[in-house]
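Trainee: A single structure is presented below for examination.
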Amino acid sequence: MFNMTNNYSYATHAPSFFQKLSFLKEEGVEKKLDIAELLEKHRGEKHLVILHEFPDPDAISSAFAHKLISAEYNIDVDITYTGKISHSQNIALVT
């Protein structure tokens, strides 16, 4: 199994993801952004994202996006999978 954790603090280095989405409210999009409330309820927790065997780029990048967004709420996310990442472009995503 491969663990994609590292020592970077995305919460302190990346601009707020939700600040970037503020244009949605300004343009009258009526859908409420509930994800911020959900993540706030889990502040300080530790989560594990388990990918399917032989993960593809969509699975890898989705898990990593979850890790980056969750870091803004002090949620520690570990990503793991079984199997092998076989294509060079997929290997580049996890190294």
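Trainee: List the helices (runs of 4 or more DSSP H) inside the stretch 32-95, counting only whole elements, that have at least 2 residues being under 13 Å from the mean Cα position of the chain (by Cα).
Mentor: Counting at least 2 such residues, we get 35-41, 57-71.
Trainee: Specify which of the listed residues (K41, K67) is surrounded by fewer than 14 Cβ atoms within 10 Å (Cβ to Cβ), modelled with pLDDT of 90 or more and not β-branched (V, I, T).
Mentor: Unique residue meeting the criteria: K41.
The values are calculated or read from the model by the stated rules, or taken from the named source; none is laboratory data. Keep in mind that what you see is a predicted model, and the values were worked out from it rather than measured. So basically every Cβ, Gly included, is an ideal-geometry build from the backbone, and we count neighbours across all protein chains shown.
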